[in-house]
Amino acid sequence: MATKKQVKRTAWDTVQLARNPGRPNVAEYISMMCEDFVELHGDRLFGDDRALIGGFATISGVKVMVMGHRKGRTVEENVESNFGMASPDGYRKAMRLMRIAEKFGLPVVTFIDTPGAYPGADAEARGQAEAIAHNLEFMSTLRTPIVVVVIGEGGSGGALGIAVGDKILMLQNAVYSVISPEGCASILWRDGSKAPVAAEALKITAESLKKLGVIDEIVPEPAQGAHTDPKATAAAVKKAVLAALKELKRLSADELVAKRYDKFCAMGRYFEVKGK
């Protein structure tokens, strides 16, 4: 059973839990949370990126457009889904689905679980940075509610490409960061072994991000991780998503867009204290 009890862990311990291969993936959350799911395919420009899936779904009678980064269970599934690292086709597919959601007045629910966007030459050639940037701009003005759930790794622009939302929820043992601890350590110290130090400095845990105002709510999970009780974790996520949708439903489209804009503009503000 999911619990709100906090287990004292280092940031690096949390990174290991977030990356646990047994942790529930987006397909499993959809299966456990939704009464139905009709997957939609392709970006109508290049292809169907299997690293990002989405489609129509119903959560306790509430019709939504759901999408998320897809990691596999087997080697074959991980190769097919590129280990959850989406290409431009995936982000453009996500935008296409969000356009449909806006057209039919459906709220959008996204699940974040990726080490980052795919950095390969073919992805860069097809406009990886442009695709993510276009999504950020598009989501900031989408006239329907957006609820984001960080369920595992939230890596850099690859995560943010479907994470501009009205409510940002995060599982207790997930991580969300501008760069991986290993990447940060290799840049700052040229030493990957300092990843645990980087993890602490990056403030990537749910508790740290809640204090910083980057996320809105921490969703509890079993003390030893979501993989030890996937059904209880999914039930906690479902409850939090439905509560967020109920709250956002009260707002007009204009209010949603205005509050979303203010929310993201407020991130990163700081105050100087003279003499310090």
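The values are calculated or read from the model by the stated rules, or taken from the named source; none is laboratory data. Since the structure is predicted, the reported quantities are computational estimates derived from the model, not experimental observations. Counting neighbours? That spans all protein chains shown, and the Cβs are built from the backbone with ideal geometry, glycine included.
The table that follows gives values for the structure above.
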| read-out | value |
| --- | --- |
| Pick from the range 90-132, criterion touching a His at 6+ places or on another chain (Cβ under 9 Å) and among the hydrophobic types (A, V, I, L, M, F, W, C), ranking: nearest to Cys34 (Cα to Cα) | Phe111 |
| Test set (1) surrounded by fewer than 18 Cβ atoms within 10 Å (Cβ to Cβ); (2) assigned to a loop (DSSP other than H, G, I, E, B); (3) not hydrophobic (A, V, I, L, M, F, W, C) - Lys71 fails condition number | (1) |
| Boolean, Gly55 is in contact with a helix residue (DSSP H, G or I) (Cβ under 6 Å, 6 or more places away or on another chain), surrounded by 15 or more Cβ atoms within 10 Å (Cβ to Cβ) and modelled with pLDDT of 95 or more | no |
| Residue check, Lys93 in contact with a Gly (Cβ under 7 Å, 6 or more places away or on another chain), surrounded by 14 or more Cβ atoms within 10 Å (Cβ to Cβ), under 24 Å from Ala206 (Cα atoms) and of a type in the set (D, E, K, R) | no |
| Filtered residue count, the range 225-240, keeping only those that are touching a Leu at 6+ places or on another chain (Cβ under 8 Å) and not in a helix (DSSP H, G or I) | 1 |
| When residues of the range 162-200 are limited to those that are of a type in the set (Gly, Ala, Ser) and touching a residue at least 60 places away in the same chain (Cβ under 8 Å), the one surrounded by the fewest Cβ atoms within 10 Å (Cβ to Cβ) | Ala195 |
| The range 72-84 residues that are on the phi < 0 side of the Ramachandran plot, paired with ones that are of a type in the set (Ser, Thr, Tyr) (beta carbon under 6 Å, 6 or more apart) | Gly72/Ser81 |
| Residue identified as under 19 Å from Lys263 (Cα atoms), modelled with pLDDT of 95 or more and touching a Lys or Arg at 6+ places or on another chain (Cβ under 8 Å) among Val150, Val164 | Val164 |
